[in-house]
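Worksheet for the structure shown next.
Rule-based calculations on the coordinates, nothing more; no lab input. Being a predicted model, the structure only gives us computed values, none of them experimental. Please note: Cβ atoms are built from the backbone with ideal geometry, for glycine as well, and neighbour counts cover all protein chains shown.
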């Protein structure tokens with residue numbers, strides 16, 4: 001028996017998430033699960049009819065950075081699905097026993113061979129449809145010497161004007177870039193959150 | 001077969017965490033798990049020898065608040081283990097498809113019948129030994145009318161001087177209270193992190 005334990009790809013799109021879930025459910029016997037409220041709990045969970053395994057699903061934490069060298073921002077072109085070929089910030093799942101900042105540093109190193117000097121938390125985004133909490137830091141690069149990792153096709157340092165806006169991988173990449181720009185020159189600020197404007201709104205992207 | 005899927009109690013202490021894990025492992029057949037690197041992954045995970053289930057463990061997100069009415073801070077005395085009888089902030093696990101702020105509001109409502117007016121993110125704590133990320137908000141209470149929930153023995157609003165410092169449930173409760181005080185009067189600030197001082201340090205608590 002294989003329990004349903006998909007590890008969702010970072011920043012998966014809504015459609016892919018749906019597809020992924022359905023495919024996983026079919027492939028792994030998730031029909032064994034029923035939705036019910038376990039004893040002592042207060043909301044329904046997926047419980048295996050056979051063995052009682054409770055599939056607690058908790059939101060996952062993604063950590064990443066908007067990292068700059070002088071006035072240019074590091075972006076990586078994704079070598080993996082979802083959104084292969086599109087540009088993203090160095091980011092990924094926080095691992096066990098890792099601080100959020102250490103996770104952001106690790107992801108930048110793994111994806112871009114980049115060493116970060118983290119400044120402060122830039123933004124906290126809640127991506128509800130995939131239950132992700134993204135913690136995005138503002139950072140400087142210790143050096144412009146970079147190297148694409150296994151999950152990166154190529155990388156580059158972009159001025160604001162040269163950012164490939166039409167080829168960004170995820171909405172929250174665009175949010176983070178705009179939030180980074182919005183706090184230029186500020187040295188202590190409250191982290192930004194999801195834009196309150198509709199996604200097709202003021203950014204015009 | 002019951003897979004090892006303990007839901008750790010919020011802010012469990014190191015000792016309790018260890019005990020809990022051991023007991024759970026014994027009770028639920030976790031000897032079926034071996035530690036190995038799954039295909040396409042880059043680090044060891046616990047994999048069931050029998051069925052291939054991969055027990056991905058991700059850090060869990062706890063959301064909570066330092067909520068005030070005038071100059072007094074809401075604390076709740078825990079009705080549940082761990083640390084039953086000790087005082088804590090309203091906080092708990094973030095649920096799926098819930099923003100961090102909504103989660104903090106829900107916990108305050110469930111544990112204290114409190115309606116929050118959230119101001120901004122006060123602190124992000126990384127509790128490494130239990131792989132928790134705590135997002136603690138600064139908030140005001142919409143009203144001083146409160147009611148202890150099922151997980152709360154009693155609650156009260158404390159002035160700084162009357163806080164039961166010797167009976168706080170967890171170190172991060174103390175951190176949050178001190179951080180809340182440190183940013184008094186500031187209306188936009190970078191969230192605070194773990195104190196860099198050793199736990200037995202400057203707070204003298």
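Below, the figures for the structure above:
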{"read-out": "Gap separating the Cα centres of segment B:84-102 and segment A:131-150, nearest whole Å", "value": "29"}
{"read-out": "Calculated label separations, residue A:55, copies of the chain, 7 Å along the beta-carbon direction, nm", "value": "1.8"}
{"read-out": "Inter-copy separations for residue A:80, label at 7 Å along Cα-Cβ, nm, ascending", "value": "3.4"}
{"read-out": "Within segment A:31-142, percent of DSSP bridges classed antiparallel, to nearest 5", "value": "70"}
{"read-out": "Overall Cα dimensions of segment A:41-163 - principal axes, largest extent first, Å", "value": "55, 29, 25"}
{"read-out": "For A:115, B:60, order by how many other beta-carbon atoms lie within 10 Å, fewest first", "value": "A:115, B:60"}
{"read-out": "Test item: B:128-134 mean partner chain Cβ contacts at 10 Å", "value": "3"}
{"read-out": "Per-residue mean of C-beta atoms belonging to partner chains within 10 Å, peptide B:48-54", "value": "4"}
{"read-out": "Highest average packing first - B:154-163, A:81-90, Cβ atoms within 10 Å", "value": "A:81-90, B:154-163"}
{"read-out": "For peptides B:40-52, A:128-140, B:175-187, sequence by mean Cβ density within 10 Å, most packed first", "value": "A:128-140, B:175-187, B:40-52"}
{"read-out": "Copies compared at residue B:115 - label distances in nm, ascending, label defined 7 Å from Cα in the Cβ direction", "value": "5.4"}
{"read-out": "Within segment A:115-155: backbone nitrogen closer than 12 Å to the residue B:42 label point (7 Å, Cα to C-beta)", "value": "A:148-152"}
{"read-out": "Per-residue average of Cβ from other chains inside 10 Å of A:61-68", "value": "1"}
{"read-out": "Segment B:60-182: relative contact order in percent, alpha carbon pairs under 8 Å with at least 6 residues between", "value": "34"}
